[in-house]
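Peer 1: Got a structure for you, written out below as structure tokens; questions coming shortly.
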Amino acid sequence: MLGRQNGLNRGKMDKKAYWVGFNFVKGIGPARLKKLLNFFGDVQIAWQAPDDALRAAGLSQKIIENLLQVRNHIDIQAKIDRITESGIDILTWDDASYPKRLLEINQPPPVLYVRGNLQPEDEISIAIVGTRRITPYGRRVAIQLSERLAQNGITVVSGLARGVDGVSHQATLNAGGRTIAVLGSGIDQIYPPEHRNLAERIAQNGAVVSDYPPGTPPEAANFPPRNRIISGLSLGTVVVEAGKTSGALITATFAVEQGREVFAVPGNIHGPQSRGTNYLIQQGARPLLDSEELLEFLDLDTITKQRSARRILPVDEVEKTILRFIGPEPIHIDEIGRQSGLPIEKVAATLTLMELKGLVQQVGIMNYITTD
């Protein structure tokens, strides 16, 4: 069988190779992979499962055939070696450095390919998107917003497209800020081609990200799904200019579904580039009249204090232990002490510091939840 010479049957394999392997299988996206992991309990066991077990896990015969084709005929370890040797990082659901905010969305991408680096401060980010046919008015607004966010240490997320996206990335970099570009192609297939130099600058001062395997061409069908990542990485999405059929409206729709704020810049009611943004306002998006409104929405003073506290007081082993027992549902301090085995005095003192750092929040009397 070819799979015993190729793929993942050749000695000890990198665990991430199994994730990448599934990423190459047509028909296995976040929902099906989650189902497989729930069924088998481990990505390696799922990858190596026989046909009957895969059928029992709910895969159709066609998808099983797709999986076997990749498993038996593609040397995934060789692919992952080439990916990492080219300076691309691979993040999966299992990685602590996988963006926490993205994990919150419905069906987050199981694998992210990253050129550059994602930082903890990128959790405080705003997406700026819009039309490729940007007007002078839209250009001024995109530059102003991007510069203001960059000056305040807020990461700007966009899609590297022509128009609003490219202007926003460029303005952020020029202002000394961090920016993240999310691609609708493999991370080695920069589109549009004239933004290759811009992508290199972004990788040096932020990250270029894709959930498509390297080598994937920039096909039209790839771009709408990637918009969920743009909004998913961000606390809020700003649509600067957009026609009624603009992809930026898709990003706004994803943001609403993800429970994130949507801002729209009002424009000329007769201008085609403003029809989409004015429509969003009509549908309930917050009209954005000034960049200060974004900073107020972000509660910048609180963010600055939290960042300062995190730099001065990094997470220690006690905090890591306590965080294992705190989630989105309130838990009482006594229960945290019981489950962690730590003295209640130590738990109380540590929780106070963790509140200052923005890691946890007290809800009710001595009940805590995580803030992420």
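The values are calculated or read from the model by the stated rules, or taken from the named source; none is laboratory data. All values reported here derive from a predicted model rather than from experimental measurement. Neighbour counts are summed over all protein chains in view; Cβ atoms, including those assigned to glycine, are modelled from backbone coordinates with ideal geometry.
Peer 1: Suppose we filter region 227-245 for residues that are part of a loop (DSSP other than H, G, I, E, B) and either buried (at least 24 other Cβ atoms within 10 Å of the Cβ) or of a type in the set (D, E, K, R) (or both); how many remain?
Peer 2: Counting residues in region 227-245 that are part of a loop (DSSP other than H, G, I, E, B) and either buried (at least 24 other Cβ atoms within 10 Å of the Cβ) or of a type in the set (D, E, K, R) (or both) gives 6.
Peer 1: Given the criteria crowded, with 24+ Cβ neighbours inside 10 Å, in contact (Cβ under 8 Å) with a residue 60 or more places away in the chain and in the same structural domain as Ser246 (by TED's automatic domain parsing), does Gly153 qualify?
Peer 2: Criteria not met by Gly153.
Peer 1: Can you name the number of the only condition in (1) more than 25 Å from Gly271 (Cα to Cα); (2) surrounded by 21 or more Cβ atoms within 10 Å (Cβ to Cβ) that His169 fails?
Peer 2: For His169, the exception is condition (1).
Peer 1: Something else: Looking only at region 148-181, which residues are in contact with an Asp or Glu (Cβ under 6 Å, 6 or more places away or on another chain) and in a loop (DSSP other than H, G, I, E, B)?
Peer 2: Within region 148-181, Gly159, Ala175 meet the criteria.
For (1) surrounded by fewer than 21 Cβ atoms within 10 Å (Cβ to Cβ); (2) in a helix (DSSP H, G or I); (3) of a type outside the set (Val, Ile, Thr); (4) touching an Asp or Glu at 6+ places or on another chain (Cβ under 9 Å), each residue gets a yes or a no:
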site	(1), (2), (3), (4)
Ala31	yes, yes, yes, no
Phe39	yes, yes, yes, no
Gln44	yes, yes, yes, no
Trp47	no, yes, yes, no
Ala53	yes, yes, yes, no
Glu65	yes, yes, yes, no
Leu68	yes, yes, yes, yes
Asn72	yes, yes, yes, no
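Peer 1: Considering only region 314-357, how many residues are aliphatic (A, V, I, L, M) and in a loop (DSSP other than H, G, I, E, B)? Break it down stepwise before answering.
Peer 2: Taking region 314-357 as the starting set, the residues that turn out to be aliphatic (A, V, I, L, M) are 315, 318, 322-323, 326, 331, 333, 336, 342, 344, 347-349, 351, 353-354, 356.
Keeping just the survivors that are in a loop (DSSP other than H, G, I, E, B) gives 315, 326, 342.
Of the residues in that region, 3 qualify.
Peer 1: Residue by residue through region 261-288, note down the ones that are in a loop (DSSP other than H, G, I, E, B) and surrounded by 21 or more Cβ atoms within 10 Å (Cβ to Cβ).
Peer 2: Across region 261-288, the qualifying residues are Val265, Gly267, Ala285, Leu288.
Peer 1: Give the residue, chosen from Arg140, Arg115, that is of a type in the set (D, E, K, R) and either outside any helix (DSSP H, G or I) or surrounded by 16 or more Cβ atoms within 10 Å (Cβ to Cβ) (or both).
Peer 2: Just one listed residue meets the conditions, Arg115.
Peer 1: Can you work out which of the residues in region 172-186 that are small (Gly, Ala, Ser) and crowded, with 24+ Cβ neighbours inside 10 Å is farthest from Leu233 (Cα to Cα)? Before the answer, list the steps.
Peer 2: Residues of region 172-186 small (Gly, Ala, Ser): 175-177, 181, 184-186.
Now restrict to residues that are crowded, with 24+ Cβ neighbours inside 10 Å: 181, 184.
Numbers: Ala181: 11, Gly184: 15 Å.
Out of the qualifying residues, it is Gly184.
Peer 1: Moving on. I'm told Ala264 meets every condition in (1) over 28 Å from Gln107 (Cα atoms); (2) in contact with a Pro (Cβ under 9 Å, 6 or more places away or on another chain); (3) at pLDDT 95 or above except one. Can you identify the failing condition by its number?
Peer 2: Here Ala264 clears every test but (1).
Peer 1: Need pairs with beta-carbon distance below 6 Å; first residue in contact (Cβ under 8 Å) with a residue 40 or more places away in the chain and among the hydroxyl-bearing types (Ser, Thr, Tyr) and within region 110-124, second part of a strand (DSSP E or B) and buried (at least 21 other Cβ atoms within 10 Å of the Cβ); sequence gap 6+ or separate chains.
Peer 2: Pairs found: Tyr113/Ser210.
Peer 1: Return the total of residues in region 285-314 being in contact with a Lys or Arg (Cβ under 8 Å, 6 or more places away or on another chain) and at pLDDT below 75.
Peer 2: Counting residues in region 285-314 that are in contact with a Lys or Arg (Cβ under 8 Å, 6 or more places away or on another chain) and at pLDDT below 75 gives 4.
Peer 1: For the condition β-branched (Val, Ile, Thr) and not assigned by TED's automatic domain parsing to the domain that holds Ser231, what is the one hit in Ile105, Ile90, Ile124?
Peer 2: The match here is Ile90.
Peer 1: While we're looking at this one, here's another question. So which residues in region 125-141 are over 22 Å from the mean Cα position of the chain (by Cα) and touching a residue at least 60 places away in the same chain (Cβ under 8 Å)?
Peer 2: Answer for region 125-141, where residues must be over 22 Å from the mean Cα position of the chain (by Cα) and touching a residue at least 60 places away in the same chain (Cβ under 8 Å): Arg133, Ile134, Thr135, Tyr137, Gly138, Val141.
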